[in-house]
Each structure stands twice: as C-alpha cells, then as structure tokens.
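Report on the following structure.
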Amino acid sequence: MYCNPFYEHAGFGNVFSVDATGALKENVQNYAYSPASAIHGMAFDAAERHLYSADMWANRIWTHARDGATGLLTSVGSVAAPRPHDAPRWVAVHPSGAHLYALMEHGNSLAEYAVDETTHLPAHTGRAWPLVPPFVLRRNPNLYRADVCALAKSGRTLFATARSNEKGVPGYVAAFALDETGRVERQVLLQQTSTSGGHSNAVAPCPWSDEWVALTDDEVGFVEMWQWDGNFLARVARCEVKEPGFGMNAVWWD
C-alpha cells in the first residue's frame, strides 16, 4: 500500500505491507519528497515499476522506482511544472508507458509529458490544453480549480475536469483523443458540468467499457452517469444522496 499526506508536514510518502487478507500489517518505508512538498495524486505505470507523484506545493512531478521484490521505493528525480504556479494535482500514465499527463489545479490545464525509456523521468512536450475556456478564465482567474484526469479502458481517451469555486457556477469536463502511444491527438470537447462540483467534480471512467463515465459532486451530493461515444459526452442519469459531504469520488465495482 502506497500513501502520501497532504498540506503541511508532507515531505514523506509511506509504504505499508499487507497480510494475506489485505489488512495493513507494517509501515515498511517512509520515502522522501521534499520539505516543501504536498502530494495530491499518484499513479504507477502499467508495469508498477515506477511511481509518479503530483506535488502541488513544490510545483513538480516526482518519479520513484519500485523494487519488484521488496516493494520499496527509490527516488529517481523530479521535474518542475511548465509554469511557476501550475500546482500539479493529479497524474495519469498511459498503458504504453510512453506518455504521462499532469492536471494543473491552479493552471487549469492538462499538460502532456513524454516518459524517457531509460531514466523513466517525464519531460514536458511543450503541449498543454485548457480545462476552462481561456476567455472565461481571463475574466475570472480565481474562479476555477482543475480536479482530476483519468484514462478510459482502451487508453484512447483521456478525461479531465475543473471545479468552480462558486455555488451555482458550473465546472467543466474535457475529453482528449490519444494515439496508441498516448500522445494527445486533439482535445475533443470542453463542456460545462451540471454544477460547480463543489470540492469534487471528479470523473471516473468505467474500468471495463469506454462507454460510461461517472462524475461526482458534493455541492448537491450526487453521482451522475455520462455516456461517451468517442465524440460526444452526455449526462444520462443522476442519483442524489442527501448526506453531508457525499459525492467526493466514485469507485466502480463489477
């Protein structure tokens, strides 16, 4: 089990062993980031040999190598975000291992990285796409915070979202077409969600079909189902749960 803290005093991540039932057994390692770090999202590559971490406060992406026998991590290095105040919040790694995507909370953008075949460090390709229409962001630069990016089952679509900081002002959801290596071919769409998303507006693609995407919200408290055909994304169902704090994240269960 690989974990990390957030906000203050978050300079180390944690590795736990588990027993045969999956219960936590022992804290086997506390691995280093930096004293300025605040890690929000982490993702392994498909081989689970390298862990990538989005560091909002130190404004960088970290790479750690995982020992296949012990599960322990060794630091490979880190790379700064493209802009000084991007604040990387979330990362996703393409199944090919060739590309990585970083969602920038303050930058309200999705940045594309190429992963070096030898060092496994990501390098920004110089390409990034807006998660809020640029003219909207220029008028209201502090109104939005990007949230989550996630890959569809096939690896040919990437979804990403941004939240609004004001109740009643919608957030946004974006979709990107990818080639077989994970290089972004184009931004297919950028459209408003039904609410601000609250603290969430988190997208969760179905793990066994590209057709369905879940979206959660804690302003109202719901999980929505969206249908995707490769070109268009439409909301087809909503389940509201009137419990305080409901709607942060969705986990699919087959």
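Screening the stretch 187-218 for residues that are in contact with a strand residue (DSSP E or B) (Cβ under 9 Å, 6 or more places away or on another chain) and acidic (Asp, Glu) and picking the one that is surrounded by the most Cβ atoms within 10 Å (Cβ to Cβ) gives ASP217. Close Cβ contacts (under 8 Å, 6 or more residues apart or on different chains) running from residues in the stretch 131-153 that are over 20 Å from ALA177 (Cβ atoms) and in contact (Cβ under 8 Å) with a residue 60 or more places away in the chain to residues that are surrounded by fewer than 21 Cβ atoms within 10 Å (Cβ to Cβ) and among the charged types (D, E, K, R) are absent.
Checked against (1) within 18 Å of the chain's Cα centre (by Cα); (2) on the phi > 0 side of the Ramachandran plot, SER96 passes all but a single condition, namely (2). Checked against (1) touching a Pro at 6+ places or on another chain (Cβ under 9 Å); (2) at negative phi; (3) part of a loop (DSSP other than H, G, I, E, B), GLY68 passes all but condition (1). Restricting attention to the stretch 84-118, the residues that are β-branched (Val, Ile, Thr) and touching a His at 6+ places or on another chain (Cβ under 7 Å) add up to 1.
Within the stretch 19-37, residues that are over 14 Å from SER53 (Cβ atoms) sit with their Cβ atoms under 6 Å from residues that are loosely packed, with under 12 Cβ neighbours inside 10 Å and charged (D, E, K, R), at 6+ positions apart or across chains, in these pairs: LYS25/ASP19.
The set of residues from the stretch 33-56 being farther than 25 Å from ALA98 by Cα and small (Gly, Ala, Ser) comprises SER34, ALA36, SER37, ALA38.
With respect to GLY168, is the statement that it is under 22 Å from ASN108 (Cβ atoms) and either buried (at least 21 other Cβ atoms within 10 Å of the Cβ) or touching a Cys at 6+ places or on another chain (Cβ under 6 Å) (or both) true?
no
Of all residues in the stretch 1-54, those satisfying the criterion of being aliphatic (A, V, I, L, M) and closer than 23 Å to PRO122 by Cβ are ALA10, VAL15, ALA32, ALA36, ALA38, ILE39, MET42, ALA43, ALA46, ALA47, LEU51, ALA54.
Bear in mind these aren't lab numbers, they're just calculated from the coordinates by the rules spelled out. Note that this is a predicted model, so its numbers are computed, not measured. Glycine gets a Cβ as well: all are built from the backbone with ideal geometry, and neighbour counts include every protein chain shown.
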